[in-house]
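Colleague: I have a structure here, written as structure tokens, and I will follow up with some questions on it.
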Amino acid sequence: MPGEYDPAEELGLFPDRILVTNLCGFVLQNDPLRDVCARFIRNGAHFYDVVRRYDHLTAYVLGREEATAGNTAKWVIPFLKANGATDHLLKKAYEETLRFMPGSEDALRFISRMLPTFVSTSIYNHGWMTVADRIDVPLCEVFCSQTDLDHMQFGRADARRMREMCETVTSLRIPKVEYELNVPMEIDEWDVKIIRTLDDILQNQIPELPAMSLMESSVPVTSHRKAYQLLDIRKQTNIDLDCTMYIGGDDTDYQCLDLVRDAGGAAVSFNGTDFAVRGCNIAIMSKESTVGAVFASLFYDRGIEAMMDLASNWERPYLKKCEFSDRNLLDRMLAANPRRLPEVQVVDRHNVDEVAKRSAEFRRKMMLGRRCGRD
């Protein structure tokens, strides 16, 4: 944390590399906000999926000038309030629904003691408190979405109107059409209906209610805010992006991954969405997190070129014989994956479509597998 005594700094040994990470995919195995919506809202998981689809469509498909991926965290908050959520109940819901990746706590502890580590996540402050209590690691700074449910009161009529809007949203169908980044495509008719319905709710109906004030007072960590925060970290630490490792997996990480990759840094998609993979130079698909610590250790010791070399030779015989500064860590990763190694790919323009598709499918199956029997 800022202000803590650092013996290396006292000796004049200042850090020359940093790591910035998101939570979902690398530390958390579920989508926290989706599971929170399922707790409070009838058909809440589908409600969240529709709103997130709208977020995705407006930011990356329609490319609206004012749109930024990640506004879902702001848009759903008044609906949670109207369905009985309070700050206390929201924190309790996070405590009961958060699912940590196997090995994530040890991996993050290992990384944070080696590299100055920053967290940039769209999870609400209520959820971050739960994560912080669980992992208890020294971090430089944490950026998370901020909201305060209890400071705003809804009347019965207003809450009823919000719940009616929920029913309208959950009645919408989500098509299976997938859109490519920056590739013009005709919008599916069901997506057009989602856009028109959410436009009306967010632009015409909610502004007439107290819900608007609650939305405006919430500060989500969107894709643009993540990018600005990354640049602020660069300014604070005086460490350029070519000496930065960014681990991300959400759509909101695309801009940050793209910035780090273009600067020559380590942009790692960890169980990433289609768009996250399109911003990275290394993609990892894994059911546990130790592999992330392996690449972070290599980045700390030898930089991005060594990471790319390891990713290009990602086979068990090579890993058993290669030189590695922390052999115990590498052996632990191999032991954690006795049958099949995590998939690791160097991503370039030739294979990005294929890797993005595989990663998105892996992420979907991983999260659905953890939800079974719970939603």
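Taken together, the values in this text are just the output of simple stated rules run on the coordinates, not laboratory data. For clarity, every value in this text was computed on a predicted model and none was experimentally measured. Don't worry about glycine lacking a Cβ; one is built from the backbone with ideal geometry, like all the others, and counts go over all protein chains shown.
Colleague: Answer with one residue from PHE275, PRO138, CYS37: the one whose Cα lies farthest towards the positive end of the charge dipole of the chain, charges on Cβ with Lys, Arg +1 and Asp, Glu -1.
Modeller: CYS37
Colleague: A further question on this structure: What dipole magnitude, in Debye to the nearest 20, does the chain give about its Cα centre under +1 on Lys/Arg Cβ and -1 on Asp/Glu Cβ?
Modeller: Computed about the Cα centre, the dipole is about 1360 debye.
Colleague: Antiparallel DSSP bridges in the chain: what percent, to the nearest 5?
Modeller: Numbers: 6 of 25 bridges.
Bridges in the chain that DSSP calls antiparallel: roughly 25 percent.
Colleague: To the nearest 20 debye, what charge dipole does the stretch 37-90 have about its Cα centre, counting +1 at the Cβ of each Lys and Arg and -1 at the Cβ of each Asp and Glu?
Modeller: Details: 7 positive and 5 negative charges, 42 e Å.
Here the size comes out at about 200 debye.
Colleague: Here's something else I'd like to know. Roughly how tilted is helix 44-56, in degrees to the nearest 10 and between 0 and 90, from the longest Cα axis of the chain?
Modeller: Compared with the principal axis, the helix lies near 70 degrees.
Colleague: How would you rank 239-250, 105-116, 199-210, 311-322, highest first, on the average number of other Cβ atoms within 10 Å across their residues?
Modeller: 239-250, 105-116, 199-210, 311-322
Colleague: Quick check on packing: order 69-77, 22-30 by the mean number of other C-beta atoms within 10 Å, highest mean leading. Walk me through the numbers before you get to the answer.
Modeller: Working: 69-77: 23.7, 22-30: 25.3.
Top to bottom by mean Cβ count within 10 Å: 22-30, 69-77.
Colleague: A follow-up question, please. Take the alpha carbon atoms of the stretch 349-364, find their center, do the same for the stretch 83-156, and report the distance between the two centers in whole angstrom.
Modeller: Using only Cα atoms, the two centres lie 28 Å from each other.
Colleague: Please report THR21, THR117 as a ranked list, fewest other C-beta atoms within 10 angstrom at the top and most at the bottom.
Modeller: With the fewest neighbours first, THR21, THR117 line up as THR117, THR21.
Colleague: Return the loop-located GluC sites (Glu not before Pro) in the stretch 15-104 (DSSP other than H, G, I, E, B) with at most 11 other Cβ atoms within 10 Å of their own Cβ; answer none if there are none.
Modeller: GLU65, GLU66
Colleague: Which of LEU62, LEU257, LEU214 moves the most in a Gaussian network model of the chain with Cα springs under 10 Å?
Modeller: LEU62
Colleague: Let me ask another. Kindly flag which residue pairs out of LYS92/LYS226; LYS176/LYS287; LYS235/LYS287; LYS81/LYS235; LYS91/LYS287; LYS235/LYS357 have an alpha-carbon separation exceeding 30 Å in this structure. The partial results should precede the final answer.
Modeller: On the way: LYS92/LYS226 26 Å; LYS176/LYS287 25 Å; LYS235/LYS287 34 Å; LYS81/LYS235 37 Å; LYS91/LYS287 26 Å; LYS235/LYS357 35 Å.
Flagged as over cut-off: LYS235/LYS287; LYS81/LYS235; LYS235/LYS357.
Colleague: Could you tally the net charge around TRP314, taking each other residue with its Cβ under 14 Å from the Cβ of TRP314, Lys/Arg +1 and Asp/Glu -1?
Modeller: Here the count lands on +1.
Colleague: Mind ordering 217-230, 150-163 by average Cβ neighbours within 10 Å, highest first?
Modeller: The packing order, highest mean first, is 217-230, 150-163.
Colleague: Given 0.36 nm per residue, what is the gain on full extension from ASN204 to ALA263 after removing their alpha carbon distance, in nm?
Modeller: Going from the current span to full extension adds 17.1 nm.
Colleague: Another one. For the stretch 112-194, what is the convex hull volume of its Cα atoms per residue in Å³?
Modeller: 196 Å³
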